[in-house]
Amino acid sequence: MNPGPLDGVTVLDLTEHIAGPYCTKLFADFGADVIKVERPDGDPSRSVGPWHQGIQGPERSGTFFYFNTNKRSLVLDIERPEAVTVIERLLARADIVVESQPAGRLDSLGLGWERVSSLRDDLPMVSITPFGQDSPYRDFKISDLVLYGFAGEMYSIGVQDREPVKMYGTASLVECGAAAATGAMAALTAAELQGVGQHVDFSMADAQFNGVDRRHAATIGFEFAGRRSLRAPGPAAGMLAGVYPCADGYIEFSGAAIRIPRLNEMLGRPDWLQDEKWWQPGVGLIADLVDEFNGLFLPWALERTKREIWEAAREAKVLCGPLFSVDELFEDTHFSDRGFWSTAEHDELGEVKLLGRPLTMPASPWSIRRPPPRLGEHTDEVLSELGFEDSEIAELRASGATS
Amino acid sequence: MPLPLSGIRVIDLTVVWAGTFATTLLADLGAEVIKVENMHVWQPMTRGGQARPSPALVKAGAGWATGYPNSEPGPRPWNYCPTFVQQYRNKHSMTVDLVSDEGREIFARLVSESDALVENNATGTLEKIGIGPDFLREARDDLVMLRMPAYGSDGPYRYARALGVHLESVMGHTLLRGYPDLDPSYITSIFSGDYVAGAHGAFAVMSALRHRRRSGEGQLIELAQAECAGGMLAQAFMDFSFNGVVQERIGNRSVDGFAPYNLYPALSDGDGSDGGDRWISISVLDDDQWLGLREAMGDPDWARDADLRHNEGRLARHDELDERISVWTSTRNDYELMHLLQSHGVPAAPVLEAARIYDDPHVQHRQLNEVHELYDGVGAFRFNKPFIRFSETPLGIRKPPVALGEDNDYVYREVLGYSDDEIAGFVERGHIGMDYDPDIP
C-alpha cells in the first residue's frame, strides 16, 4: 500500500484527552510519525471507559484506543529537569509540535513557544486550549458540556420548557480536534514551503463560536434582524419535518424544504394527497393543513419499518434518515461493503474492530498501521532514535523523568 | 508574509454547510477560492431557501433561518441569507452556465488554472451535467478533487438525499443525544456532521496537495459525510465493539460517568419562549473539583456527606445532587456563577443564547467578529472572522461576504484571459451576471 500523504512528517505530540489527540490522530492515520509524550501515569483518557470487557486498566480504555491509533508512546515527566534534553532533541527532530497543555504551563517549564522558536525558527507549534493563550478566561476549565453550552449552539437545542440539551459524549471536542488539524496542516504547509515557524493559537471556544454548527447562523440572524434562535415549542411537526415513530423505531425528516411532488411519490400517490389544497404555494406554513397532513402521514409511517420508509424516500429524493442505533450500523451492509470498518491488533485486547477512515484518498491512503500504544511502549525505541545511549536511558529512568 | 495557502486556487462547487465550510477554511488559510455559480439554476440551501423569499417569510421564523438584514429581503436576497452568509467570506464568485457546451469550455479553462476542486452535491450531479472526474482530469491531470457525498458514491444509500441532520440519524447520533425521559421526537436538528466533514475536507485537500508536491499526482478524495461523522461517537462505537453494549441517551450527563455534570438553572430574565432563560453548566471531573464546588457553595451540610467525596458516591446520587445544586444556582447570575466556580477550579460557564455572544469579554478580547459592508449597500454588520490565530501569517477577512458573480470581471479577465469581445458575448449568452433568472421564485 502507498504511504499516506503525511509520510515523512514527525509530530511531537504533547496533547491529552480528546481534542488534541483527535488532531494528531488525523496526522498519524494519514501517515505521520506521531510521538506522543505521555506523563508517567498516562494520558487521562486512559482513565475513562468504555472498558474492554468491563475491566478497568490503562490499556483497556475505548476512548484512548480510538483517539490514539498509529501513535508511539514516550513516557516523560516534563516537569523533571532531566526531561529538557529529551524535549530539545525531539524538537530538533520534529516537523511540527502539537500541544494541549493548560495555557502557560509549557512556558513556565521553559518549554513554551519562546524556547521552541529560539531553538528552531522553522518549526510550527500548535497550542490547543479551551480559550486561547490570552483570553480573560485563559485559565478557566471546560468539559464537552461547558464548551458546547458556552460557545456552541446548545442554547437552541431542545424544547422551550426544558433545559437545552447537548450533543453525544464529547462530540464538540472532536469538532475542535478536526478544526485544529486544519490549522496544524496549514502551519506545516507554510513551514515546508516558506520555512516559516510560527505559533498557532487554537482556542476551542473560538472554533465553536465561529464554526459551522448553526451558531454562525444564529449569531448573524440576530445581528441582521435582531431575532433570536430559540428552542422549539415542542416536537417538530412540519410538513414533513421532525422525528416520527414508525413500525420499528423512528425516522427523521427535519430540514426538508417541502416538495409535494416528491412526497407524493414517496407515499405512493395516495388519493388524499391529490386534493389541490396540498399543492398550493406555502402550504407548509398553513398550520391546520400541516396538522391534517401529519395526521394522514402518521398511519403510513407506523405501518412501515424505518428501512422501508427510507428506501421510499430515497427513490423519491425526499430528505430523510432513519434513526439507527450503533448495533444496527455494525451490521449494515452499505458501510461494511464500502470497507468502512477497520481493525487493530492489540497485544492485550486482541483484534479490535473500530471506526474506519473518515475519507478515502486512494493515491495516499488512510491506514491503521499500528494499534494505540501501550503506555511507554516506545520509550526506549524513541530515546535511542534520539541518540541516547542505553546508560543514559537508564539514568533518565532512575531520575523518574521516564519510566 | 504570504498566507499558508497563498498561490493555491480552489474551485468551489459546494452547497449548504459541509462543503462550504471546507472551502471557507481553505479561503481563510489563504487559498483563492472561486465559487462557480449559475444564474439559471437555483440550488436550494446554499444562497437561501428561495431566491426571492416573500417579505412575510423574511419577517417570520427563527433568526438563523430567515433573519435577513433588517428583516427585509433586500435587492438581492441570495447575497445575505443568514443561514449561509457566514460561509461567503474570503471567497470569489463567478457565474457561468454549466449546463451548456460553452459554459463547460469556460469551466475547463478554469480547471486548467486551478489546483483543487471541492464539491458536495448529490451523488451523480456533476456527471449529469458532464463535468465529472474524467472531464476534470482531462482539463488538469494533477487536480486534487474532493467529493463529499452523504453516504459515498457506491452502495445502496449513494443516492439518498441528506443534510447533516439526516446522516447523523443514520450514524446513530440522534438516538444517542436528547432528553432521556422524552421520546426522540423532542430532539432538535444539529449539524455537527457538517462541521467535522468541512474540517476534514479542508485537512484532506491540504494533505493531498502535499502528496502532489512530492509525487506530482493529483487524486480523487471521497469523503462520505456519514463515515466522517463517526469519530464524534467514538465512545459509543468502542463500547459496542468492546462489550456489545448499545449506549442510551443520558441528556447532559457525562459519558465518562463524572458527577455532578449537568446544566443548572440560573437567575433568569424570562423563559425559553422569549430567550430570557439562563443556564449554567457545571462539570465536576475529579474529587478536587468537588471540593471546589463545595467551597463555592459555602460548604453546605448536605455536601459534607463522606459518600460524596468520591465520584462513585456522587454518581450514585446524581439526581439528588442536581436538585441541591439547582436550588443554589437558581437565584444567582450565570456569569457570576462562572467566575465564582472557576475561581474554585470548577469547569462551569453560562449557556449563551446567540445574541449574547457579542457582549462576552472573551469574544470581544479575541475579536472574533468584525464589521463589514454587505453588497448592494444593504448595511454593515459584524461577521465571523477566521478563528485560528497564526503568529506569523495572521488570518483575517480579506473579502467581505461575496455576492453572486461579484468577481466575474477578475476571473474572466485575469484568471481566464478572455478579451473584452469574448466577455461581451458571455454576458449576452447568459453566463455572466449578478442576478438569478427573474422567474426563479
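Each reported figure results from applying straightforward, stated rules to the coordinates on display, with no laboratory input. Quick caveat, the model's predicted, so the values are computed rather than measured. Counting neighbours? That spans all protein chains shown, and the Cβs are built from the backbone with ideal geometry, glycine included.
Candidates A:Met266, A:Phe209, A:Asn294 compared by Cα position along the dipole of segment A:143-296: farthest toward the positive end lies A:Phe209, with charges placed on Cβ. Listed peptides B:160-170, B:317-327 appear in the order B:160-170, B:317-327 once ranked by packing, highest mean of other Cβ atoms within 10 Å at the front.
As a calculated quantity, the FRET efficiency between B:His372 and A:Leu302 at R0 = 60 Å, using C-beta atoms, amounts to about 0.75. The mean number of partner chain beta-carbon atoms within 10 angstrom of a residue's beta-carbon across peptide B:150-162 is 6. Peptide B:339-347 has a mean of 3 when you count, residue by residue, the C-beta atoms of other protein chains within 10 Å of its C-beta. Build a GNM of chain A with springs between Cα atoms under 10 Å apart, and of A:Asp390, A:Asp288, A:Asp29 the one that fluctuates most is A:Asp288. Length gained on full extension, B:Glu320 to B:Val41: 94.7 nm, using 0.36 nm per residue less the C-alpha separation. Taking the centroid of alpha carbons for each part, segment A:57-109 and segment B:110-130 are 41 Å apart.
Between A:Leu375, A:Leu119, A:Leu329, the residue with the greatest mean-square fluctuation in the GNM of chain A (Cα pairs under 10 Å linked by springs) is A:Leu329.
Each part gets one Cα centre, and for segment B:33-57 versus segment B:287-332 those centres are 52 Å apart. Taking label positions 7 Å along the Cα-Cβ direction at both B:Leu182 and A:Leu289, the computed distance is 2.8 nm, reported to one decimal. Springs join every pair of Cα atoms under 10 Å in this Gaussian network model of chain B, and among B:Phe242, B:Phe387, B:Phe84 the largest mean-square fluctuation is at B:Phe242. Taking the DSSP bridge list for the protein assembly as shown and keeping only pairs wholly inside it, about 40 percent are antiparallel. Assuming charge only on the beta carbon of Lys and Arg (+1) and of Asp and Glu (-1), the dipole of the protein assembly as shown about its Cα centre is about 720 debye to the nearest 20. Remark: segment B:261-354 carries a charge dipole of roughly 200 debye about the Cα centre, counting +1 on each Lys and Arg Cβ and -1 on each Asp and Glu Cβ.
Working from Cα pairs under 8 Å separated by at least six residues, relative contact order for chain B is 20 percent. Placing +1 on the Cβ of every Lys and Arg and -1 on the Cβ of every Asp and Glu, with nothing else charged, gives segment A:194-301 a dipole about its Cα centre of roughly 260 debye. Between B:Trp328 and A:Asp161, the C-beta separation translates, for a Förster distance of 25 Å, into a calculated FRET efficiency of about 0.70.
Note on B:Asp134 and B:Ala56: the model spin-label points, each 7 Å out from Cα along the C-beta direction, lie 4.9 nm apart.
Within straight cross-link reach of B:Lys128, meaning Cα distance under 21 Å, which lysines are found once same-chain residues fewer than 8 apart are removed? Hits, sequence-local ones excluded: A:Lys317, B:Lys35. Each of A:His378, B:Ser330, B:Met94 was scored by the projection of its Cα onto the charge dipole of the protein assembly as shown, and the greatest displacement toward the positive side belongs to B:Met94; charges sit on the C-beta of Lys, Arg, Asp and Glu. With contacts taken as Cα pairs under 8 Å at a separation of at least 6 residues, chain A carries a relative contact order of 21 percent. Separation of segment B:402-441 and segment A:282-353, taken as the distance between their Cα centroids, equals 42 angstrom.
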